[in-house]
Amino acid sequence: MTSLTGKIAIVTGAGNGIGRATALGLAAAGAKVGVSDVIVEDGLRTVQEIENAGGEAIFVEADIANEEQVKNLVSTTFATFGGLHILVNNAGIGGGGGRTHEVELADFKRVVDVNLIGTFLMSKYCLRHFLAQKSGCIINIASTYGLIGAPKAPAYCSTKGAIINYTRQMAVDYGHDGIRINAICPGYIDTGLSRRQAANPNDPVILAAVARREKAAAMQPLGRQAQPVEVANVAVFLSSDGASFMTGSIVTVDGGCVTTFNYGEASN
Ligand SMILES: NC(=O)c1ccc[n+]([C@@H]2O[C@H](COP(=O)([O-])OP(=O)(O)OC[C@H]3O[C@@H](n4cnc5c(N)ncnc54)[C@H](O)[C@@H]3O)[C@@H](O)[C@H]2O)c1
């Protein structure tokens with residue numbers, strides 16, 4: 001099993017879904033984890049789960065679009081554990097849905113602020129520590145929607161596409177400093193992303209979207225949605241010495257989704 005003993009990590013959006021699974025995976029591999037989220041009770045639950053499994057973690061509340069909160073998250077984690085080696089830029093949101101002519105500026109900007117500016121701010125303040133020690137790694141959770149166009153998701157697709165090339169750009173800037181920066185593009189993962197963003201989780205529109213998503217996932221090569229741990233496993237590997245020659249890599253974890261044109265029917 002991958003060992004991250006002695007490593008200290010921060011995972012944003014670690015109260016739920018892929019972030020929670022990644023925080024649990026890093027801790028199980030021996031890392032101490034700064035768990036962060038905007039939802040305090042969910043972040044605290046992740047910390048409790050890590051502690052129950054014998055690991056070490058702290059919770060720091062932070063909206064990654066807020067520079068002061070980001071600075072506090074990074075400095076608190078560093079001060080508590082005495083170092084910092086791994087950043088998983090996981091927190092991200094949808095929203096600003098519709099075709100471009102229908103989208104409100106404020107909704108589009110909020111997605112940019114969280115997905116892209118949040119990735120910039122977290123990277124900026126962690127990289128200062130990584131540069132001082134000439135080592136460290138960042139894993140950006142992008143999306144297959146950053147590789148292809150998807151209907152009625154202009155803010156989401158454009159910010160995820162930006163994160164992918166930002167990953168390559170940072171890999172160029174920091175490789176000579178011993179810092180590795182990679183991205184994961186998840187496909188259909190069974191998390192509460194869309195449900196949680198609805199004011200009413202039983203909203204028929206949301207339930208219909210979830211059903212559409214299940215149907216779409218069924219038509220991909222592996223024919224299903226993944227569990228968050230299946231993405232977390234890859235994030236843990238990219239954090240480890242096993243991935244020592246990987247930087248600027250864009251790793252799809254999508255059940256084969258972007259390898260094929262979706263004909264609207266399964267092959268069997
Ligand atoms: N679920 C999927 O199918 C899927 C597919 C591709 C990419 N992704 C990406 O994976 C990442 C995690 O998605 P998920 O499905 O686990 O979502 P999720 O909603 O289950 O969890 C996201 C967590 O991020 C937190 N968060 C939201 N805004 C935040 C902010 N401004 N600052 C800090 N934390 C914030 C939420 O409170 C939540 O706990 C996102 O970047 C998402 O775009 C998800």
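Within segment 56-105, the only residue that satisfies the criterion of being of a type in the set (D, E, K, R), within 20 Å of Ala150 (Cα to Cα) and in contact (Cβ under 8 Å) with a residue 12 or more places away in the chain is Arg99.
Which one is farthest from Gly15 (Cα to Cα) among residues in segment 193-206 that are assigned to a loop (DSSP other than H, G, I, E, B) and either hydrophobic (A, V, I, L, M, F, W, C) or at pLDDT 75 or above (or both)? Only one residue tops the list, namely Asp203.
Being in a helix (DSSP H, G or I) and either more than 16 Å from the ligand (Cβ to nearest atom) or of a type in the set (A, V, I, L, M) (or both) is the filter here; which residues of segment 1-31 pass it? Ile18, Ala21, Ala23, Leu24, Leu26, Ala27, Ala28, listed by residue number.
Is segment 162-174 home to any residue that is surrounded by fewer than 19 Cβ atoms within 10 Å (Cβ to Cβ) and of a type in the set (Ser, Thr, Tyr)? No, every residue in segment 162-174 fails to be surrounded by fewer than 19 Cβ atoms within 10 Å (Cβ to Cβ) and of a type in the set (Ser, Thr, Tyr).
Scanning segment 57-101 for residues that are assigned to a loop (DSSP other than H, G, I, E, B), away from the ligand (no atom under 12 Å from the Cβ) and under 20 Å from Gly30 (Cβ atoms) returns Gly82, Gly83, Leu84, His85. Is there a residue being surrounded by fewer than 16 Cβ atoms within 10 Å (Cβ to Cβ) and either of a type in the set (Ser, Thr, Tyr) or within 11 Å of the ligand (Cβ to nearest atom) (or both) anywhere in segment 102-114? No, the conditions are met nowhere in segment 102-114. Taking (1) over 19 Å from the mean Cα position of the chain (by Cα); (2) buried (at least 17 other Cβ atoms within 10 Å of the Cβ); (3) closer than 30 Å to Ile206 by Cβ; (4) of a type outside the set (D, E, K, R) in turn, Phe81 satisfies each apart from (3). The residue of segment 46-55 that is nearest to the ligand (Cβ to nearest atom), among those that are surrounded by fewer than 17 Cβ atoms within 10 Å (Cβ to Cβ) and touching a residue at least 24 places away in the same chain (Cβ under 8 Å), is Glu49. Here is the figure for segment 122-145: residues that are surrounded by fewer than 23 Cβ atoms within 10 Å (Cβ to Cβ) and either farther than 23 Å from Val253 by Cβ or among the aromatic types (Phe, Trp, Tyr) (or both) total 11. When the residues of segment 199-240 are filtered to those that are surrounded by fewer than 15 Cβ atoms within 10 Å (Cβ to Cβ) and among the basic types (Lys, Arg), the one that is nearest to Val33 (Cα to Cα) is Arg224.
Of the residues making up segment 221-232, not a single one is on the phi > 0 side of the Ramachandran plot, in contact with a strand residue (DSSP E or B) (Cβ under 8 Å, 6 or more places away or on another chain), in a loop (DSSP other than H, G, I, E, B) and small (Gly, Ala, Ser).
The values are calculated or read from the model by the stated rules, or taken from the named source; none is laboratory data. Quantities reported herein were computed from a predicted structural model and do not represent experimental measurements. Virtual Cβ from ideal backbone geometry, glycine too; neighbours counted across all protein chains shown.
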